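Structure first, then comments.
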Amino acid sequence: MSHKPNPKPDPMLDITDVAETCRVSEKTVRRWIHAGDLPAARLGNQWRIVPRDLRTFVLERMSR
């Protein structure tokens, strides 16, 4: 019986990463989070975003 190691999860992004990726200000990213448009988790005093959620967010915006 072979054990497959669990794949490492994608590293989470912070607000700065998302702002740079989307070429918007950090304030805009915070607005998206507070509006509930971009899923994020508050870990300590920082917001973290799962890359998959960012991709989904962008794709939904593109299809509008």
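The values are calculated or read from the model by the stated rules, or taken from the named source; none is laboratory data. These numbers come from a predicted model, not from an experiment. Glycine also receives a Cβ, built like all others from the backbone with ideal geometry; neighbour counts cover every protein chain displayed. These area figures cover heavy atoms from the full protein model, side chains too; ligands, DNA and RNA do not enter into them. Shrake-Rupley method; radii C 1.70, N 1.55, O 1.52, S 1.80 Å.
Going by the conditions given, is residue 19 touching a strand residue (DSSP E or B) at 6+ places or on another chain (Cβ under 8 Å), small (Gly, Ala, Ser) and without any contact (Cβ under 8 Å) to a residue 40 or more places away in the chain?
Against the criterion (touching a strand residue (DSSP E or B) at 6+ places or on another chain (Cβ under 8 Å), small (Gly, Ala, Ser) and without any contact (Cβ under 8 Å) to a residue 40 or more places away in the chain), residue 19 does not qualify.
Any chance you could count how many residues in region 1-24 are open to solvent by 60 Å² or more (accessible area, probe 1.4 Å) and either more than 14 Å from residue 50 (Cα to Cα) or modelled with pLDDT under 95 (or both)?
Final tally of qualifying residues: 13.
Tell me, yes or no, whether region 49-61 has at least one residue that is touching an Asp or Glu at 6+ places or on another chain (Cβ under 8 Å) and either at pLDDT below 95 or of a type in the set (Lys, Arg) (or both).
Taking every residue of region 49-61 in turn, at least one turns out to be touching an Asp or Glu at 6+ places or on another chain (Cβ under 8 Å) and either at pLDDT below 95 or of a type in the set (Lys, Arg) (or both).
With the requirement that a residue be charged (D, E, K, R) and surrounded by 10 or more Cβ atoms within 10 Å (Cβ to Cβ), what does region 28-63 give you?
30, 31, 37, 48, 52, 53, 55, 60, 61
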